[in-house]
Every structure is written in C-alpha cells, then in structure tokens.
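Data first, discussion second: the structure below is written as structure tokens.
The values are calculated or read from the model by the stated rules, or taken from the named source; none is laboratory data. Given the structure is predicted, the values throughout are model-derived calculations rather than measurements. Here Cβ is always computed from backbone atoms with ideal geometry, including for glycine, and neighbour counts include all displayed protein chains. In case anyone asks, the SASA skips ligands and DNA or RNA and just uses the protein heavy atoms, side chains included. Shrake-Rupley method; radii C 1.70, N 1.55, O 1.52, S 1.80 Å.
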Amino acid sequence: MPDNANGLDTSQREQLLQLQTRPLPIITESSSLERLSRLYEIVRSLNSITDLDLLLDQILASAAQMVDARGGFLMLADAEGKKMKCEVTSGGATVGLKGAVLPIDQRTVPGMVAFSGVPYVENDVSRSPYFASQNNGNKRSAINKLICVPLRVQDRITGVVQVIDKVTGEDFDADDRKLLEAMADTAAVAVENVRLYEAERKKTDLLKRAYEELHNTYQATLQALTGLLDSRDTATRGHSSRVVALTMRLAKAVGIIDPQRLRTIEQGALLHDVGKIGVADAILRKPGPLDAVEWSEMRAHPELGYRMLKNIEFLKDALPIVRYHHERYNGTGYPYGLEGKEIPLDARIFAVADAFDAITSERPYKRARTYEQAIAILKEEAGKFFDPNVVAAFIKVPKEEWLEILHRAYEAEG
C-alpha cells in the first residue's frame, strides 16, 4: 500500500491491506433456529437506539456475535463518499485503528468493499501476496480470517462492517456472509434514522422515506432467511420466491388492492414454510414416502412456524398464511381441520398459488406438468381442497401472465 494513504500509519496499513484472492465457497447448510431468533432480536433492538455512538457500538457487537467473531471494526463514509473513518473497534487485533481514515478505493479490503458494494470473505489472509509483502513474508498477522460487508441505504454505500476470526477458529462461510449482510442492511438504515433524528428531525417526507426503507430492509432480511431455509430442501429450491410472486398476483385478482394488506400477504407467503427449520433433515430430505411418525412431525411445521413468529410485531398480520396454508376447503387439511371460510382468505389464496407452483415444478419424484394440466387439477379440486372463488379468479388471469411470472422467477434463481 502506498506510504501516503490518508490517516494510516504502518501498523494500521498492515491490518487493513487485504485483497480478495479466491472465490467464496459454496455452502448449502441452513441457519439454525438460534441464529434466526438472534437476527430478529438484533433487527428489533437496533431500531430502538437513538444515540449514534451507542448504536455504532451495538452494531459492531451484534455483527461479531452473529457470526461468533473475535472482534472487528465499523467505518462510516464522509458526505462526499471519498473517505471512511473508523468509528468503532473491538478486539485486540484492531487496537489503534479507531479514528483511522482511509480512501474509498481498491487498495484495502474496507475501501474495496465500499467502492464496489460487494461483500468480501477471506479465510487465509496469509496467502494474499499484498498482505504477505506488507509483512516481508515473515511475520504472522494478528488477523487470519475476515468478512467485510457494506452498509447500504438505497443505492448509497455509507460505510462498512468488518469482523475477524471466529472464536472457534473455523472458516467463515456463505451463511455467515448472508446473515451479516442482512444485519448490515438493517444497521445502515438504523444509522441513517439516528442521523436524521440528531439533525433535528428532517422534513416529514424524508422520514417517510426512511421508514419505507426500513420496511424494504425487513423484507430483504426475510428473503435472505428464506433462501437459507430453501437450501435445506433441494427438491423445492426456489419455491418460496416463485410462490410469493404467484400469490401476490392472485391476491390482486381476488380484489385485494390495499398496499398494507398486500405487503402482509407477501410476508406470509415468503415465510410460509419457516416452521420446517424444526423438521429433521432425515425427514425433510427423505426421497421416499414418509411413515406415520414422520408425517406427524412434518404436519407440525405450520404451528411451529406460527410460534416462532408470533412475538414479532411487524409480522403478526402475516401469520394466517404461516399457520393455515395446509388447511383444505372441505375440512380435511391440517393442523386444525378448518373448513370453508373458517380458513382466512389470505391462506385460501396462498393454497391455490402454492398448488399451481407444485404442479408445474420439476421434482425428483415427479415431472413438471403443463399449465393446462394444472388448471384441470385446480378445477377438479375446487370446493374440495381449494376455495372455488379463488380458483375462478386464478383462471381469469391470462395464461401468458402466469407463465411470465414463473419465467421471471426462474430467471432470478439463476
């Protein structure tokens, strides 16, 4: 790194100068229930803090706790977006970094992440030629592994959070990165909100934009978590994102136009299978039929999902889909055997969209069926498994529109 880097002495440059040398490993394990609960608690707690210094301390502490890291640091960008200042540090390896200033460019890991907006994971910094040269190839760095993620508000990078070295000595993985990104997005909005508050309450329209951004961050968090859950069951990979798109269009076809109601339906559709986090992999990934005991555990996932989410205030109106999406119109569903209009309308809408996706999707145990075959099945089961009025609304939407929705969803999955 050049000797004239702004505000950094030799020791600071040695700690910050680490560039990406290898691609991120592919990880398919899902987050645990403990991590899920921890993330939601962090999301809620950060947005209750109104003192900026306290908030920054809490963000860094939460980031380290989230991925079991030994410490790290948080940097905020200046108004021009040219430099960043290290505001908070934690752990012995970051001693002396607080107050350091460095440019937003590609010469350091934090600068590179802020410059590109792309998270970075490194599990062996000693293999970086840039890092090794800074230590003359002989000294061992106090930092061995790291994750650095951007703090982002809309399209603007406002800083970075970097954590270093797991307490266990294990590598950071893709789940660690996704969880840290989800938390960092919420943290960035929380920092922005506090700055607005400390600037004597900006205009009302700016506050409304901040609150809307907060909702978008919540939604991104839910999507990140759902992606981790989907990775447990390769047979239904991408199902959650597809069924959200289908459910939203069907809700509008049924006549729901209120934005808040649609937002609630979107959240419920996204989280409908969150209870499966409590179902054993041996059951969830079993290639053959489930026995009676296994079915009993599988059928418990709607109620488990409800219990997981019931105390999260902003999700309370989304719970009917989570809890009742396996009820059937004729009362033969589970877990409660509700019948007809006893089943909340949101869950009845979701059930039709969910069935359409299942019928038209390729699975290891069955081939995908055509749109026409799916419609025939929905018509046959209307009044039995499905609300006939909802099925009728589905059929009124042009075939081309449904196929376009699926096409976009599959493209997004990559």
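Considering only the other residues whose Cβ falls under 12 Å of the Cβ of MET75, what net charge follows from Lys and Arg at +1 and Asp and Glu at -1?
Values: positive: LYS83, LYS85, LYS98; negative: ASP78, GLU87.
Local net charge: +1.
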Exercise for review: Could you tell me what percent of the accessible area of the range 80-123 is made up of carbon and sulfur, with a 1.4 Å probe and every protein chain present?
Suggested key: 52 percent
Check your understanding: Going from most exposed to least, what order do THR94, THR89 have by accessible area with a 1.4 Å probe?
Key -> THR89, THR94
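What accessible area per residue, rounded to a whole number of Å², is obtained for the range 290-414 using a probe radius of 1.4 Å?
Values: 6590 Å² over 125 residues.
That works out to 53 Å² for each residue.
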Revision key, fill the gap. The summed charge of the VAL352 Cβ neighbourhood (under 12 Å; Lys/Arg +1, Asp/Glu -1) stands at -1
Practice item. Just report the Cα centroid separation between the range 79-103 and the range 257-283, whole Å. Key: 39 Å
Review point. Straight-line reach from LYS366: which lysines have a Cα under 19 Å away, not including same-chain ones fewer than 8 places off?
Key: LYS286
Review point. Using θ = phi - 60° and the Karplus form 6.51 cos²θ - 1.76 cosθ + 1.60, what ³J(HN,Hα) does each residue of the range 150-155 get, whole Hz, x for Gly and Pro?
Key: x, 9, 10, 10, 6, 9
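Highest first, please rank the peptides 39-46, 353-360, 77-84 by the mean number of other Cβ atoms sitting within 10 Å of their residues. The partial results should precede the final answer.
On the way: 39-46: 18.5, 353-360: 21.0, 77-84: 14.0.
Most protected by this proxy first, the peptides run 353-360, 39-46, 77-84.
In a shell of Cβ-Cβ distance under 14 Å around LYS341, excluding LYS341 itself, what net charge do Lys and Arg (+1) and Asp and Glu (-1) give? Intermediate values should be presented prior to the final figure.
Working: positive: ARG328, ARG348; negative: GLU327, GLU339, GLU342, ASP346, ASP387.
The answer is -3.
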Review point. Along the range 185-190, what does the Karplus equation 6.51 cos²θ - 1.76 cosθ + 1.60 (θ = phi - 60°) give for ³J(HN,Hα), rounded to whole Hz, x for Gly and Pro?
Key: 4, 5, 4, 4, 5, 4
Practice item. For the range 149-194, with all protein chains present and a 1.4 Å probe, just round the carbon and sulfur fraction of the accessible area to a whole percent. Key: 40 percent
Exercise for review: Could you list which residues have their amide H under 5 Å from that of THR158, counting only those 5 or more apart in sequence or on another chain, with H placed in the peptide plane?
Suggested key: LEU151, ARG152, VAL153
Revision key, fill the gap. Counting only protein heavy atoms with a 1.4 Å probe and every protein chain in place, the carbon and sulfur fraction of the accessible surface of the range 264-414 in whole percent equals 52 percent
